[in-house]
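Enquirer: There's a structure below that I have some questions on.
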Amino acid sequence: DGVIFVSRAGNAAGVNASLRIFNSDGGEAEISGNGTRCAAAYLLSAADRENDLTVQTVAGVKKLKFVVRQGNEYRFDMHMGKPILDAPTIPFRPPQQVAPPIVGIEIPLADGTAKRATVTSMGNPHCSIAVDNFDWDWRACGRELERHPWFPNRTNIEFYRVVSRHAIEVRYWERGVGETNSSGTGSSAAAVASILNGHTESPVDVITLAGTLPVRWEADGVYLAGPAEIVFHGEYLV
């Protein structure tokens, strides 16, 4: 769904690499949870090592704890940071002033209806909406919300269905990409939203079309666990 540029360089702060992430529309993303795991797997594979990593992203420094390697698959537990809940920092600019956390705000749509949403940021903006099912045109809704005027930097959208007190199922409409099978920051934001709304409690298994991502919201922030598999190696010649 995009391209990740990795710069390998250790420094005194212990950062192993820096990332720049571009979506399929050419826009730069502040962070990608799944993408950062993929970059970490590439770094360990290239160095033939198995160790923790610290990665610099536009959204800040992220720490990945190496869990296990099974063949070409690497599993990490990634510290996503604390969710951002205040409107100016997200950024989210509705006509009325809103106090954090932004839970249950009605966002108007072009057809005169509105969607009740929870708005957060995981270093990139998110709009999470609880649904009973996915048997409706949530893609059109996501497409409209992505460019809603209340989101000056556009937004990512998650539609989540509560499965149990510790599990949700999610569909994603990502900024600059469209529909995706999974999202690391989206899974984190959806889990945070489900907890803020009292639908679940940490830890939360986020069931995506590409598999299940365990998310924990602890005192020092959100943790996202998951795999990244090396599929092939290639060389791009300019």
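The values are calculated or read from the model by the stated rules, or taken from the named source; none is laboratory data. In this text the structure is predicted, and so the values were computed from the model without any measurement. Backbone-built Cβ (ideal geometry, glycine too); neighbour counts: all protein chains shown. Surface accessibility is based on the protein's heavy atoms, side chains included, excluding ligands, DNA and RNA. Shrake-Rupley method; radii C 1.70, N 1.55, O 1.52, S 1.80 Å.
Enquirer: Which residue out of Gly142, Gly186, Gly176 is part of a loop (DSSP other than H, G, I, E, B), open to solvent by less than 50 Å² (accessible area, probe 1.4 Å), touching a residue at least 24 places away in the same chain (Cβ under 8 Å) and within 26 Å of Glu28 (Cα to Cα)? Spell out the reasoning first.
Expert: Details: Gly142 fails: part of a loop (DSSP other than H, G, I, E, B); Gly186 fails: part of a loop (DSSP other than H, G, I, E, B).
After applying the criteria, what remains is Gly176.
Conditions (1) surrounded by fewer than 20 Cβ atoms within 10 Å (Cβ to Cβ); (2) touching a strand residue (DSSP E or B) at 6+ places or on another chain (Cβ under 9 Å), marked per residue:
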residue	(1), (2)
Val170	no, yes
Ser182	no, yes
Ala193	no, yes
Val206	no, yes
Arg216	yes, yes
Val231	yes, no
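Enquirer: Among Phe66, Phe22, which is the only one that is under 30 Å from Arg139 (Cβ atoms) and of a type outside the set (Gly, Ala, Ser)? Give the derivation first.
Expert: Working: Phe66 fails: under 30 Å from Arg139 (Cβ atoms).
Answer to the check: Phe22.
Enquirer: Among the listed residues Ala114, Ala130, identify the single one that is more than 21 Å from Gly226 (Cα to Cα), crowded, with 16+ Cβ neighbours inside 10 Å and modelled with pLDDT of 95 or more. Please lay out each step first, then the result.
Expert: Details: Ala114 fails: crowded, with 16+ Cβ neighbours inside 10 Å.
Among Ala114, Ala130, only Ala130 is more than 21 Å from Gly226 (Cα to Cα), crowded, with 16+ Cβ neighbours inside 10 Å and modelled with pLDDT of 95 or more.
Enquirer: Sticking with this one: Please go through the range 222-238 and give me each residue that is among the small types (Gly, Ala, Ser) and more than 14 Å from the chain's Cα centre (by Cα), ordered by number.
Expert: Answer for the range 222-238, where residues must be among the small types (Gly, Ala, Ser) and more than 14 Å from the chain's Cα centre (by Cα): Ala228, Gly234.
Enquirer: Right, another one. Output the residue which, of all residues in the range 100-131 that are in a strand (DSSP E or B) and of a type in the set (S, T, N, Q), is farthest from Gly27 (Cα to Cα).
Expert: Let us first name the residues in the range 100-131 that are in a strand (DSSP E or B), namely 102-108, 114-121, 125-130.
Next, from what is left, pick out any that are of a type in the set (S, T, N, Q): 118, 120-121, 128.
Numbers: Thr118: 24, Thr120: 20, Ser121: 18, Ser128: 22 Å.
Restricting to residues being in a strand (DSSP E or B) and of a type in the set (S, T, N, Q), the top hit is Thr118.
Enquirer: Now a separate question. Go through (1) in a strand (DSSP E or B); (2) open to solvent by 10 Å² or more (accessible area, probe 1.4 Å) and name the single condition Trp150 misses.
Expert: (1)
Enquirer: While we're looking at this one, here's another question. On the basis of being within 25 Å of Tyr223 (Cα to Cα) and more than 18 Å from the chain's Cα centre (by Cα), does Arg116 make the cut?
Expert: Values: within 25 Å of Tyr223 (Cα to Cα): no; more than 18 Å from the chain's Cα centre (by Cα): yes.
No, not satisfied.
Enquirer: Another question about this same structure. Can you name the condition, by its number, that Asn197 falls short on among (1) touching an Asp or Glu at 6+ places or on another chain (Cβ under 6 Å); (2) under 20 Å from Pro100 (Cα atoms); (3) surrounded by fewer than 18 Cβ atoms within 10 Å (Cβ to Cβ)?
Expert: Asn197 satisfies all of (1) touching an Asp or Glu at 6+ places or on another chain (Cβ under 6 Å); (2) under 20 Å from Pro100 (Cα atoms); (3) surrounded by fewer than 18 Cβ atoms within 10 Å (Cβ to Cβ) except (1).
Enquirer: Output the number of the condition that Gly198 fails; it satisfies all remaining conditions of (1) without any contact (Cβ under 8 Å) to a residue 12 or more places away in the chain; (2) in contact with a helix residue (DSSP H, G or I) (Cβ under 7 Å, 6 or more places away or on another chain); (3) of a type outside the set (Lys, Arg).
Expert: (2)
Enquirer: Counting residues that are touching a Leu at 6+ places or on another chain (Cβ under 9 Å) and without any contact (Cβ under 8 Å) to a residue 24 or more places away in the chain, which strands (runs of 3 or more DSSP E) fully inside the range 19-88 reach at least 1?
Expert: 60-70
Enquirer: Which residue pairs have Cβ atoms closer than 9 Å, lie 6 or more positions apart in sequence or on different chains, and pair a first residue in the range 96-111 that is over 13 Å from His148 (Cβ atoms) with a second residue that is surrounded by 10 or more Cβ atoms within 10 Å (Cβ to Cβ) and hydroxyl-bearing (Ser, Thr, Tyr)?
Expert: Taking only residues 6 or more apart or on different chains, the pairs are Pro101/Thr118; Pro101/Thr120; Ile102/Thr118; Ile102/Thr120; Val103/Thr118; Gly104/Thr118.
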